[in-house]
């Protein structure tokens, strides 16, 4: 499916999907959503971009190999659980930090770090799979 209309509208669709995926990921530890769903949405955006513009264009736009995102995500998720060990609490116990910012209180937490890690793992893994499948399909034609 490589029509002019699809190639023209794909970058806009991808931008909207990536912003929405970050929104879903950030609200996930308080409401429905989270890193897994956000990563699925972002990986779907990469798959759409790959179908529209081709795998080499996507790899140029990403600049970083998708599996690198997955590796960094595993590291972040693991480290978020280990932070509680420094406070004498069991592994994966939540730690919350409240920061005053422009007349508002912004909560930062280890569950948020874990969600970011899961987001990167899902995004990186599924993006790598989608790009390799799309690359195989293009090679057959």
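Since every read-out is calculated from the coordinates, none of them should be taken as a lab result. Everything quoted here is computed from the prediction, not taken from an experiment.
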What number, rounded to the nearest 500 deg cm²/dmol, is the helix-based mean residue ellipticity at 222 nm of the chain, given -39500 (n - 2.57) per DSSP H run of at least four residues and division by all its residues? -24000 deg cm²/dmol
Tilt, helix 4-27 to longest principal axis of the chain (alpha-carbon atoms), in degrees rounded to tens, equals 10
Taking Cα atoms only, Rg over Rh for the range 62-141 with Rh from the Kirkwood formula is 1.20
To test your reading of the geometry: what angle, between 0 and 90 degrees and rounded to tens, separates the Cα axis of helix 35-53 from the longest principal axis of the chain? 20
So how tilted is helix 66-82 from the main axis of the chain? Cα-based, degrees 0 to 90, rounded to 10. 10
Dividing the convex hull volume of the Cα atoms of the chain by its residue count, what figure in Å³ per residue is obtained? 126
